[in-house]
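Derivation of every value follows stated rules applied to the coordinates shown; laboratory data play no part. Quick caveat: nothing in here was measured; it's all calculated off a predicted structure. With ideal geometry, Cβ positions are generated from the backbone for all residues, glycine too; neighbour counts draw on all protein chains shown.
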Amino acid sequence: MKASKAQLFQEAIKNKSFFQKIPAIYRMVKAWRKGKFKAGKREMLIPLLGLAYIISPIDLIPGIAIPFIGALDDLMVLSFIMPRLTALVDKFLLWEKMGQDKSPSLKTIDIE
């Protein structure tokens, strides 16, 4: 059976919320560090550093000192990185679905 890249992409990301994609983020970073998944340093590091900033207890504007404004820096970083991280994870899931091919520019791919 043949499937187009669009069909594979839809199947790869179908019914996956961001929380369900967290294991894929780990696999993506691991494959990127090994040199298997090709992505630029900036493309990978900016979303990952932003995610680390949101998770870390250190903030530029402390939430305890200024309750409402303290959360704004986290929300700004989150609004900046989420679209980038989601797009990157979706690209990785497509790459995985394509069989981790080094040249994913094929228009049709055989699937079983």
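Quick rundown of the values:
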| item | result |
| --- | --- |
| Per-peptide average of other Cβ atoms within 10 Å, ordering 21-32, 47-58 highest first | 21-32, 47-58 |
| Region 42-99, relative contact order in percent, only Cα pairs under 8 angstrom and at least six apart counted | 37 percent |
| Potential lengthening between Leu75 and Leu60 on full extension [0.36 nm per residue; Cα-Cα distance subtracted] | 4.2 nm |
